[in-house]
Each structure stands twice: as structure tokens, then as C-alpha cells.
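Undergrad: Take a look at this one; I'll ask things after.
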Amino acid sequence: MVTLRRLAAADLHAILTIQQASPEAAPWPDAEWQVFFVPGEVSGSARLPVGHCAWVAETDGATVGFLAALFSGEEMEILNLAVLPAARRAGVASSLLEAALAVARSSGGKRAFLEVRASNAGAIAFYERHGFLPAGRRTAYYAAPVEDALVLSLAL
């Protein structure tokens with residue numbers, strides 16, 4: 001069974017371990033995660049969280065995945081999503097994504113976006129199964145190796 005909860009500072013080591021085991025995830029340094037340890041605010045009447053928000057997924061008490069997002073206006077951007085290889089294909093990523101989308105929808109969000117490496121066919125298929133559609137391309141967006149990003153979008 002997968003349990004989801006908001007990311008806490010105590011999760012940093014587990015998150016970095018998941019990143020290291022997931023070369024397709026954005027390789028953020030420790031410092032980049034600090035913005036997620038400050039709770040997001042709620043914006044005026046729309047009630048959409050403002051700023052950075054992240055969740056972790058646990059199975060049997062172990063952190064096995066995470067999703068980081070940015071809320072701004074009526075939009076949500078999925079910034080980073082990864083699951084430990086041993087926990088993949090068990091619905092963990094879907095649970096994380098569905099939870100983030102549910103927060104955006106219930107808060108008045110209108111659209112979700114994300115970038116994905118153009119060569120990451122598995123991730124593209126995953127997001128398409130969840131209703132995301134191609135919305136653009138960012139040339140040479142990724143480094144190491146340099147690669148284009150596909151921009152995917154979902155109307156909420």
C-alpha cells in the first residue's frame with residue numbers, strides 16, 4: 001500500500017537517494033530542495049497553493065518516490081518526479097501525480113505543465129496515460145547530455 005504525505009526536511013536523504021537511483025529525474029542539489037521545506041501559502045479566493053510543494057510516497061515505512069511541483073496563479077508545473085527502481089510499476093508515480101493534480105483541481109487550478117526529455121519514451125507514455133498532451137518543445141533544454149524537452153500540458 002502506498003501512503004502519501006507532504007515532504008519534510010527529514011526526507012532529504014531519502015529524496016537524494018531516489019534521485020541518485022533515477023538518472024532520468026532532475027538531479028537537484030541539496031540546496032535546491034530547501035524551498036520545499038517552507039509550507040506553501042494559499043492564494044486569495046482561488047485557494048491554489050502558492051509556491052513550491054512536494055509529496056513523498058512510502059511503502060512499508062520506506063520512502064520510495066517523490067513529486068515536486070510549483071503552483072502559480074491558476075497553473076501547476078510538475079518540476080520533478082521519481083520512484084526508486086525497485087518500486088516502479090506498482091502505481092507509486094500515478095498516486096503521486098494524481099494527488100498533485102487533485103490538489104490543483106480542488107484549488108481552482110486550470111492547467112498543469114511539465115517538461116520531459118524528448119528521448120524518455122516511458123515517461124512520455126506515462127504522462128499521456130494521465131491525459132497530458134504535447135504543448136511545445138524547448139530546444140537544448142537539458143544538459144548532460146544536451147537534449148530537447150517536450151512540454152506537456154493537461155487541462156484541469
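Undergrad: Can you tell me how many residues within segment 75-92 are in contact with a helix residue (DSSP H, G or I) (Cβ under 9 Å, 6 or more places away or on another chain) and either within 17 Å of Ser153 (Cα to Cα) or without any contact (Cβ under 8 Å) to a residue 24 or more places away in the chain (or both)?
TA: So the answer is 5.
Undergrad: Just the residues that are modelled with pLDDT of 90 or more and either of a type in the set (Asp, Glu) or surrounded by 13 or more Cβ atoms within 10 Å (Cβ to Cβ) (or both), please, taken from segment 18-41.
TA: If the condition is that a residue be modelled with pLDDT of 90 or more and either of a type in the set (Asp, Glu) or surrounded by 13 or more Cβ atoms within 10 Å (Cβ to Cβ) (or both), then Ile18, Gln19, Ala21, Ser22 are the ones that fit.
Undergrad: For segment 65-79: of the residues being crowded, with 21+ Cβ neighbours inside 10 Å and not β-branched (Val, Ile, Thr), which is farthest from Arg105 (Cα to Cα)?
TA: Result: Gly65.
Undergrad: Restricting the search to segment 66-93, which residues are assigned to a helix (DSSP H, G or I) and either basic (Lys, Arg) or touching a Phe, Trp or Tyr at 6+ places or on another chain (Cβ under 8 Å) (or both)? Lay out the reasoning, then the answer.
TA: Of all residues in segment 66-93, those assigned to a helix (DSSP H, G or I) come to 85-87, 92-93.
Of everything in segment 66-93, just one residue is assigned to a helix (DSSP H, G or I) and either basic (Lys, Arg) or touching a Phe, Trp or Tyr at 6+ places or on another chain (Cβ under 8 Å) (or both), namely Ala93.
Undergrad: Any idea which of (1) in contact with a strand residue (DSSP E or B) (Cβ under 6 Å, 6 or more places away or on another chain); (2) of a type outside the set (Ser, Thr, Tyr); (3) at pLDDT 95 or above is the one Cys53 doesn't satisfy?
TA: (3)
Undergrad: What residue, of Ser107, Ser119, is in contact with a Lys or Arg (Cβ under 7 Å, 6 or more places away or on another chain) and more than 14 Å from Leu67 (Cα to Cα)? So that I can check it myself, show each step before the final result.
TA: On the way: Ser119 fails: in contact with a Lys or Arg (Cβ under 7 Å, 6 or more places away or on another chain).
Going through Ser107, Ser119 in turn, the sole match is Ser107.
Undergrad: Further question on the same structure: Take the conditions within 19 Å of Leu70 (Cα to Cα) and surrounded by 14 or more Cβ atoms within 10 Å (Cβ to Cβ) and apply them to Val92. Does it pass?
TA: no
The values are calculated or read from the model by the stated rules, or taken from the named source; none is laboratory data. As the structure is a prediction and not an experimental result, all values here were calculated from the model. With ideal geometry, Cβ positions are generated from the backbone for all residues, glycine too; neighbour counts draw on all protein chains shown.
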